[in-house]
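Any read-out appearing in this document is the output of simple, stated calculations on the displayed coordinates, not a laboratory observation. These figures come from a predicted structure and were not determined experimentally. Counting neighbours? That spans all protein chains shown, and the Cβs are built from the backbone with ideal geometry, glycine included.
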Amino acid sequence: MHRIPLPLPNDGLRAVNVYAIEDGAGLVLIDSGWALEESRRLLEAALAGLGHDLGDISRFLVTHVHRDHYTQALVVRRLLGSRVALGTGEAPVLEEIRANIGRFPPLMLARLRAAGAGDLARQLISAAGPDEATQRRDWEDPDEWLADGTEIALGDRTLRAIATPGHTRGHLVFHDARAGLLFAGDHVLPHITPSIGFEPLPADRPLADYLNSLAAVEALADAVLLPAHGPVAPSAHARAGELIEHHRKRLDAMLAVVAPGVSTAFEVAGQVGWTSRERALADLDVFNQMLAVNETIAHLDVLVDRGALRAELSGQVRHYRLGES
């Protein structure tokens, strides 16, 4: 099994880890990278160093539908016929993407407007995106939809696909119980917390889903963490526990700033720090402001479910107030 970091464009993460698993004379890859010429060249070079080429890839097992994990698999499939597998929960997301080619997803814009972030929504609409033909190629269906619990035999290795919604609706991790390995995608990352709620078809309670999925990882036998971004870590359990504690603190911080005059998700996001440097919302670029507001919505909705807040609509904007829902 081999870890292959591939480059990302204009991204603070810089690289996505693709894992190549030898399966007989061929290879199965977990995740694929972003569909970029540079990424493909580096993948080809890495495989050559292992005595393989792109034509030896029989199958891609993709953890989730985000571009840096999914789109290069489609390029290789078009060129060489590799099969692509993706979690069943991503099917409606792909449909929503294709229904809105060439424009920012309308459900995400509606979510931002309801959060009191109408100006941010307008800025996102004005941002230029890829041409329509490119986007359609990037969002084709996989060959296979993987259900929760699917077992995948790879030589003397068996991977189990485990549904871990939260980062996306259909996110999967792949657990090799015998070898003590967890191919975690973006579900459990060693140094950062994955974004919550960044989807064209937003889940109702993405943070609640994510916390439940972290608990599902803790219920497995502990394993070496093989993340999609960052270095390998010795314990998936240890990092899952740290992520749960991180979100507990974020819930407390957001609850603490809800008050008269600070009641929309956009206003709350402006009162808490972002990134490890505790940056102000206004200091982030437009894309990261959008991520921050989405995460704030997700946290506030968990607080509503727990009875610490109640939510009220005023016009089209959702306000959060202290007290039982």
* Mind listing the phi-derived Karplus ³J(HN,Hα) values for the stretch 137-142, rounded to whole Hz, using 6.51, -1.76 and 1.60 with θ = phi - 60°, and x for any glycine or proline? -> 5, 6, 10, 6, 6, x
* Structure fact -> Expected vector for the stretch 193-203, Karplus 3J(HN,Hα) from phi with 6.51, -1.76, 1.60 and θ = phi - 60°, integer Hz, x for Gly and Pro, equals 9, x, 5, 10, x, 8, 8, x, 10, x, 6
* Asked: Which whole-Hz ³J(HN,Hα) couplings does the stretch 13-27 yield from phi under the Karplus relation 6.51 cos²θ - 1.76 cosθ + 1.60, θ = phi - 60°, glycine and proline marked x?
  -> 6, 6, 8, 10, 8, 10, 10, 9, 10, 6, 9, x, 8, x, 9
* To do: Counting other Cβ atoms within 10 Å, keep those with at most 11, restrict to DSSP loop, and tell me which GluC sites (Glu not before Pro) in the stretch 202-303 are left.
  => GLU278
